[in-house]
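Written below as structure tokens is the structure these notes are about.
Nothing in this text is a laboratory measurement; each read-out follows from the coordinates by a stated rule. Because the structure is a prediction, the values reported are computed rather than measured. Neighbour counts run over all protein chains shown; Cβ positions are idealised from the backbone, glycine included.
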Amino acid sequence: MIGRHWLGFSLVLLCLLYTAQASPGDAHPVYRSCVTVCERDGCVGETCFAQCNYSSHGASHDSPWYTQEPLYQRWKQWGCQSECRYFCMLAREEERAKQGYGPVKYHGKWPFKRVFGIQEVASVVFSALNLYAHFHGWLSLIILLYYKLPLRYDKKTYYEYTPLWHIYGLLSCNSWFWSIIFHSRDVDLTEKLDYSSAVALVGYSLILSILRSFNIKEEASRVMVAAPLLAFITTHILYLNFYKMDYGWNIIVCVAMGIAQLLTWAIWAGVSRHPSRWKVWVPVIGGGLAVLLEIYDFPPYKGYFDAHSIWHATTIPLTYVWWSFVRDDAELATSNLLKKSK
Ligand SMILES: [Zn+2]
């Protein structure tokens, strides 16, 4: 639960991170003229880019496909723009540092230093560790349920929430996988995949928090609770992908669902006599405190470690505590059911 809480909150933060489109850095005339000159001549200072040697025939993107430039030319054009923006940003930041100014954002993002072509290396590494922590937690639950605890005669587990935690494990791993890809290279497609996965996880986590904390076990009741939420989450994902990538609205949706599940778990942990309830408290409180990092949003230290990446780092230990709670819950439920049946 905590992990989920925590994960849900992490994802809320993720939703929050990349919202701004225009920033002080890219609004400055020196940066703008640097990018314009670079896209025309293909160079920033001594550094020149092969991607910028494309010939433009003046065909616009709205004209028929057969009058447009070949796809590889447009890829080159896109590559040229991202190289120019990156090197103009580095040049501009160097200038600003000499004048004693701190970093500013460019196109909604802090000036990160690339490592092997990876944009935000710290966030990529921490996302990968989160993915590993969830995979490890999920696998340990599977081993506990199917190899250590007794099974029913039909080979099913006694624990009633087994399939729900499997879906949770799958959505968590999926979400962190796309987080790795998105932080490596931020383009339209990777952004949509990352946002959609995050919304799916936060939404599903809310459903799971309600089902588990209210102890809803009947299939019909579960469907009644899940159906309206699933319909809303699906509509929201379709809206973001195929109608409008509305960052402001997405933040509201993610924060609302994140807070709702956090409160659900907090209240449950407060009133429950579950022996492992502290394992819910730790991720709830830890996840809540970690949100402060996103609100504070400091620039990358040495060009690598910004607030968002540190936030991703804090969720790694919380994930272990969370999955430990899930294992304890499975063990307790199984032993209670076995006692009853004797
Ligand atoms: Zn992130």
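Across region 147-152, coupling constants 3J(HN,Hα) worked out from phi with the 6.51/-1.76/1.60 Karplus curve, θ = phi - 60°, read 10, 9, 8, x, 10, 5 Hz, and Gly and Pro carry x. Projected label points at residue 101 and residue 215, each 7 Å from Cα along the beta carbon direction, are separated by 6.1 nanometres. Using a simple spin-label model with pseudo-atoms 7 Å out from Cα toward Cβ, residue 28 and residue 340 lie 6.6 nm apart. Counting only residues at least eight positions apart within a chain, or on another chain, the lysines with an alpha carbon under 19 Å from that of residue 148 are 156, 339.
Considering only 134, 28, 183, the Gaussian network model of the chain with Cα springs below 10 Å gives its largest mean-square fluctuation to 28. Whole-percent P(r), region 255-342, all Cα pairs, 5 Å bins from 0: 3, 13, 17, 20, 16, 11, 8, 5, 4, 2, 1, 1, 0. Between 156, 113, 192, the residue with the greatest mean-square fluctuation in the GNM of the chain (Cα pairs under 10 Å linked by springs) is 156.
Taking 2.2 N^0.38 Å as the expected size of a compact globular protein, what ratio does the Cα radius of gyration of the chain give against it, to two decimals?
Rounded to two decimals, the normalised Rg is 1.18.
To the nearest 0.05, how large is the calculated FRET efficiency for residue 155 and residue 267 if R₀ is 30 Å and r is the Cβ-Cβ distance? My answer for the efficiency is 0.25. Legend: helices of the chain (whole DSSP H runs) are marked when their alpha-carbon atoms reach 20 angstrom or more along the helix axis and their mean Kyte-Doolittle hydropathy is at least 0.0; marked are 2-17, 121-143, 162-184, 188-213, 219-242, 247-271, 278-296. Which of 79, 288, 203 moves the most in a Gaussian network model of the chain with Cα springs under 10 Å? The residue that fluctuates most here is 79. With a cut-off of 13 Å, note down the residues of region 227-250 whose backbone N falls inside the zone around a label point 7 Å from the Cα of residue 188 toward its beta carbon. The answer is 241-245.
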